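Notes for the one structure printed next.
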Amino acid sequence: MTRILLSDKLDNCVARWRKAGLTVIGPVKKETSSSYATVEKAADFDFGIVLPDRSIKGLFFPQTEPMMGYTIKKQDIATNDFAPPTEKRIIFGARSCDASGLAIDDPLFGWDYKDDFWFQRRNETVIVTIACTKADDFCMCTSLKLAPDSTKGSDVLLRPLQNNKGWLVEELTDRGREAFKEIADLLLDGSEQAAPLAVVPEKFNLDACVAWLKNPENFDSTFWKEISMRCIGCGSCTFLCPTCHCFDFQDEGDTYSGIRRKNWDSCSFSLFTMHTSGHNPRSTQSARWRQRIMHKFNYFPGKFSVNSCSGCGRCTRQCPVDMGITETLQAISTLKP
Amino acid sequence: MSIQEQYKKRVRELLSSGAVKMVIGYQAGTTADRRRPLFIRTPEEAEKLVLDSACIANLSGYLVTEGLLSDEKSVGIFLRPDGIRSINILAAEAQLNPEQVVILGFDGNDKEVTALQGEKARDFSAIIASIKEHAPEAPRNPQLEQIEKMSPKERFAFWQAEFSRCIKCYACRQACPMCYCRRCIVDSNQPQWVNTSSHTLGNLEWNVVRAFHLSGRCVGCGNCDRACPVNIPLRLINAKMAGEVLGAFDHFAGMSETQEPVLASFKKDDSETFIL
Ligand code: SF4
Ligand code: SF4
Ligand code: SF4
Ligand code: SF4
């Protein structure tokens, strides 16, 4: 016997959670673009999207965030800190790759400095993931040793029912159990079958890739130039990626007052490593693409024992010149380590 | 022989005779409907070439890759008329020497492509002139007409909503062959001319800067629109600005290698309706 949430009860659930003070967020398609956005009723969700265009990252690490304000007067300088938001949220209908992406970045944001903005949001947000029953040509979670029903980073996992009328509920964490208490009486006991999971073929051999990347001789391989020649350095891959986390600080304002902001940045940009002197240690696009791959599959796992990729496939799906992690790792896995 | 096979043969000839050091074309992509840029450096590599109606990206931006043309050798490139127009602009703005660009021209619709005769950008001037000729009566985007009918307030709200999605990745800029500056004004932080943050004001500023900077230079290839990861309909802005420039200054971008940029030139009979 398992607990079941029927789709026709979802409207009630949304109302309950909202009444309990939670902002309800889920996959929404507006005009031509999809994202995780705030919903007011069940009809606002679009569960038909394989994966929202924009990843879940922005809900925890927004593209721009005020950190500090300053005012400078004749005799004194005053600063004020912006506090992390305390809003309580529930994300209903996250994808496994997106939820995993958050868990992948947790050690990064809590390593030598604990990023309050990230963790405050992480602690105040319940993540209800819906296992995928369909995938597209770009999905590759299985190549990263994850799956359409991975529980990593999720507080509750829902499995769509075979009859398409709702979901099997698996509560995974206390945070998840707490949120589902609000709707406990709306759940049913049942023995319905879960729909089959999406079939996501493995696209490359991750271990072979990692072995090749770890060999220092391959750092200067001509492979990097060949594979990345068409990259235009647009940064879409990094901005859409649920695990890419680089940022920059920018002061906006004038000599007398302004705001210091934390903005997304990208290793694909030539400016990213540009020194004040004009020297750029990563002066070519191939050096930048190598950095992105090395960081994800060599340096990051070297430090945090986990690859910085959850296989969402966005980097290939949205690349204007059809590059991406998939092609590069497919090519690497055929090379001699 | 299909156009693809004809052009493969031509690419092999160009490379084996040493007429060009490289040909920039298209190859198959991740999915059946995708094409990837291809850099062909040996006659054998020409085998990978694909040329069909799915080849839509304007590849001319690759020509201004740092150092590519500095050895004075020629490069071949597959271009549609919009791409050829961008070669003219790049030449007119002193970004490349058009003598070094060997054009493998083609045009077509969403079903098939046909070859265009010519080699140097100037060989295609008749085709470009006829596109300009027909520009005023070309079918207009229905969404653009809708937007034009809106009140200024509604129109502002429409664009605010669209730009609210912008994440300031600048993919639109990187994908545009006309955006070749090594250091864009928005990347400058001493002084910071434009807000770098992706908030309401910053997004609006960026998109307005882009629209104006491409006025009279945009060739309507659609690279920016296709690159935008959040699908902001940039094509509407480009089309609007191109129409304005054509109407007010009779300027059609990329007519010739010597055409003066509309925003950087002055004619005595220029319309001055906005100056009191
Ligand atoms: S790999 Fe593609 S998406 Fe990423 S920076 Fe290069 S061109 Fe842009
Ligand atoms: S690297 Fe690509 S596939 Fe991996 S998580 Fe980022 S966007 Fe997704
Ligand atoms: S490509 Fe789209 S999201 Fe990126 S900066 Fe341009 S308009 Fe904004
Ligand atoms: S602005 Fe867009 S449509 Fe115009 S030339 Fe640049 S990429 Fe092409």
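Residues to consider are B:174, B:143; find the one that is surrounded by fewer than 16 Cβ atoms within 10 Å (Cβ to Cβ) and polar (S, T, N, Q). I'd like the intermediate steps shown before the answer.
On the way: B:174 fails: surrounded by fewer than 16 Cβ atoms within 10 Å (Cβ to Cβ).
Among B:174, B:143, only B:143 is surrounded by fewer than 16 Cβ atoms within 10 Å (Cβ to Cβ) and polar (S, T, N, Q).
Examine the stretch A:266-278 for a residue that is within 13 Å of chain B (Cβ to nearest Cβ) and touching a residue at least 60 places away in the same chain (Cβ under 8 Å), and state whether such a residue exists.
Checking the stretch A:266-278: not a single residue is within 13 Å of chain B (Cβ to nearest Cβ) and touching a residue at least 60 places away in the same chain (Cβ under 8 Å).
Taking the conditions exactly as written (out of contact with any Ser or Thr (no Cβ under 9 Å at 6 or more places or on another chain), of a type in the set (A, V, I, L, M) and either part of a strand (DSSP E or B) or modelled with pLDDT of 95 or more (or both)), does residue B:20 satisfy them or not?
Spelling it out, it is not the case that residue B:20 is out of contact with any Ser or Thr (no Cβ under 9 Å at 6 or more places or on another chain), of a type in the set (A, V, I, L, M) and either part of a strand (DSSP E or B) or modelled with pLDDT of 95 or more (or both).
Would you call residue A:234 under 23 Å from the mean Cα position of the chain (by Cα), within 16 Å of ligand 4 (Cβ to nearest atom) and at negative phi?
yes
For residue B:38, are the conditions met, namely being within 14 Å of chain A (Cβ to nearest Cβ), touching a Phe, Trp or Tyr at 6+ places or on another chain (Cβ under 9 Å) and of a type in the set (A, V, I, L, M)? Give the derivation first.
Working: within 14 Å of chain A (Cβ to nearest Cβ): yes; touching a Phe, Trp or Tyr at 6+ places or on another chain (Cβ under 9 Å): yes; of a type in the set (A, V, I, L, M): yes.
So residue B:38 fits the description; yes.
Go through A:171, A:217, A:192, A:178 for me and flag whichever is open to solvent by 60 Å² or more (accessible area, probe 1.4 Å) and touching a helix residue (DSSP H, G or I) at 6+ places or on another chain (Cβ under 7 Å). Reasoning before the result, please.
Values: A:217 fails: touching a helix residue (DSSP H, G or I) at 6+ places or on another chain (Cβ under 7 Å); A:192 fails: touching a helix residue (DSSP H, G or I) at 6+ places or on another chain (Cβ under 7 Å); A:178 fails: touching a helix residue (DSSP H, G or I) at 6+ places or on another chain (Cβ under 7 Å).
On inspection, the qualifying residue turns out to be A:171.
For the stretch A:249-263, how many residues are surrounded by fewer than 16 Cβ atoms within 10 Å (Cβ to Cβ) and at the interface with chain B (Cβ under 9 Å from one of its Cβ atoms)?
1
Residues to consider are B:51, B:38; find the one that is assigned to a loop (DSSP other than H, G, I, E, B) and within 20 Å of residue B:6 (Cβ to Cβ). Step through it out loud before you land on a result.
Details: B:38 fails: assigned to a loop (DSSP other than H, G, I, E, B).
One residue alone meets the criteria, B:51.
Among the numbered criteria (1) among the small types (Gly, Ala, Ser); (2) within 19 Å of residue B:65 (Cα to Cα); (3) buried (at least 20 other Cβ atoms within 10 Å of the Cβ), which single criterion is violated by residue A:266?
Condition not satisfied by residue A:266: (2).
Name the one entry in A:78, A:83, A:43 that is surrounded by fewer than 21 Cβ atoms within 10 Å (Cβ to Cβ), assigned to a loop (DSSP other than H, G, I, E, B) and out of contact with any Cys (no Cβ under 8 Å at 6 or more places or on another chain).
Every option except A:83 fails the conditions.
Out of (1) of a type in the set (Val, Ile, Thr); (2) more than 10 Å from ligand 3 (Cβ to nearest atom); (3) more than 20 Å from residue B:90 (Cβ to Cβ), the odd one out for residue B:186 is which?
(2)
Which numbered condition in (1) away from every other protein chain (no Cβ under 14 Å); (2) at pLDDT 85 or above is the only one that residue B:265 fails?
(2)
Each row is one residue, and each column tells you yes or no for (1) within 16 Å of ligand 3 (Cβ to nearest atom); (2) over 16 Å from residue B:183 (Cα atoms); (3) modelled with pLDDT of 95 or more.
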{"residue": "A:244", "(1), (2), (3)": "yes, yes, yes"}
{"residue": "A:249", "(1), (2), (3)": "no, yes, no"}
{"residue": "A:252", "(1), (2), (3)": "no, yes, no"}
{"residue": "A:255", "(1), (2), (3)": "no, yes, no"}
{"residue": "A:260", "(1), (2), (3)": "no, yes, no"}
{"residue": "A:274", "(1), (2), (3)": "no, no, no"}
{"residue": "A:279", "(1), (2), (3)": "no, no, no"}
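Quick check: anything in the stretch A:4-18 within 13 Å of chain B (Cβ to nearest Cβ) and either touching a residue at least 12 places away in the same chain (Cβ under 8 Å) or closer than 30 Å to residue B:202 by Cα (or both)? Outline the logic, then answer.
At the first step, the residues of the stretch A:4-18 found to be within 13 Å of chain B (Cβ to nearest Cβ) are none.
No, that holds for no residue.
Please go through (1) open to solvent by less than 30 Å² (accessible area, probe 1.4 Å); (2) within 16 Å of ligand 3 (Cβ to nearest atom); (3) in contact (Cβ under 8 Å) with a residue 40 or more places away in the chain for residue A:326 and return the number of the only condition it doesn't satisfy.
Residue A:326 satisfies every listed condition except (2).
It is to be established whether one or more residues within the stretch B:156-163 are open to solvent by 40 Å² or more (accessible area, probe 1.4 Å), under 25 Å from residue A:270 (Cα atoms) and not assigned by TED's automatic domain parsing to the domain that holds residue B:36.
No, there is no match, as no residue in the stretch B:156-163 is open to solvent by 40 Å² or more (accessible area, probe 1.4 Å), under 25 Å from residue A:270 (Cα atoms) and not assigned by TED's automatic domain parsing to the domain that holds residue B:36.
Residue under question is residue B:99, and the condition is that it be of a type in the set (D, E, K, R), in contact (Cβ under 8 Å) with a residue 60 or more places away in the chain and open to solvent by 10 Å² or more (accessible area, probe 1.4 Å); does it hold?
No.
For a quick check of your reading of the model, give me the residue pairs whose first member lies in the stretch B:183-207 and is without any contact (Cβ under 8 Å) to a residue 60 or more places away in the chain and facing chain A (nearest Cβ under 8 Å), whose second is of a type outside the set (Lys, Arg) and open to solvent by 70 Å² or more (accessible area, probe 1.4 Å), with beta-carbon atoms closer than 8 Å and at least 6 apart or on different chains.
The qualifying pairs are B:195/B:201; B:196/B:189.
Suppose we keep only residues that are at the interface with another protein chain (Cβ under 9 Å from one of its Cβ atoms) and hydroxyl-bearing (Ser, Thr, Tyr) within the stretch A:218-241. Which one would you say is farthest from ligand 3 (Cβ to nearest atom)?
A:238
Can you tell me which residue in the stretch B:205-261 is farthest from ligand 4 (Cβ to nearest atom), limited to those that are open to solvent by 40 Å² or more (accessible area, probe 1.4 Å) and under 30 Å from residue A:66 (Cβ atoms)?
Per the criteria, the residue is B:205.
Filter the stretch B:102-114 down to residues that are open to solvent by less than 40 Å² (accessible area, probe 1.4 Å) and either among the charged types (D, E, K, R) or modelled with pLDDT of 95 or more (or both), then give me how many there are.
Final tally of qualifying residues: 6.
I'd like the residue in the stretch B:189-204 that is surrounded by fewer than 22 Cβ atoms within 10 Å (Cβ to Cβ) and in a helix (DSSP H, G or I) and, out of all such residues, is nearest to ligand 4 (Cβ to nearest atom).
Looking at residues that are surrounded by fewer than 22 Cβ atoms within 10 Å (Cβ to Cβ) and in a helix (DSSP H, G or I), I get B:204.
Considering only residues that are surrounded by fewer than 16 Cβ atoms within 10 Å (Cβ to Cβ) and among the hydrophobic types (A, V, I, L, M, F, W, C), look in the stretch A:50-72 and name the one that is farthest from residue A:245 (Cα to Cα).
Restricting to residues being surrounded by fewer than 16 Cβ atoms within 10 Å (Cβ to Cβ) and among the hydrophobic types (A, V, I, L, M, F, W, C), the top hit is A:72.
What number goes with the only condition from (1) farther than 25 Å from residue A:19 by Cα; (2) open to solvent by 20 Å² or more (accessible area, probe 1.4 Å) that residue A:115 does not pass?
Condition not satisfied by residue A:115: (2).
Residues checked against (1) at pLDDT below 95; (2) closer than 25 Å to residue B:132 by Cα; (3) surrounded by fewer than 17 Cβ atoms within 10 Å (Cβ to Cβ):
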| residue | (1), (2), (3) |
| --- | --- |
| B:13 | no, no, yes |
| B:38 | no, no, no |
| B:41 | no, no, yes |
| B:44 | no, no, yes |
| B:66 | yes, no, yes |
| B:81 | no, yes, no |
| B:84 | no, yes, no |
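Looking at B:123, B:71, can you tell me which residue is outside any helix (DSSP H, G or I) and over 23 Å from residue B:36 (Cβ atoms)?
Step by step, each of B:123, B:71 is checked, and only B:71 is outside any helix (DSSP H, G or I) and over 23 Å from residue B:36 (Cβ atoms).
The values are calculated or read from the model by the stated rules, or taken from the named source; none is laboratory data. Remember, it's a predicted structure, so these values are computed and weren't measured experimentally. For neighbour counting, all protein chains shown are included, and Cβ atoms are generated from backbone atoms with ideal geometry for every residue, glycine included. Note: accessible area is taken over every heavy atom of the protein model, side chains too, but ligands, DNA and RNA are not part of it. Shrake-Rupley method; radii C 1.70, N 1.55, O 1.52, S 1.80 Å.
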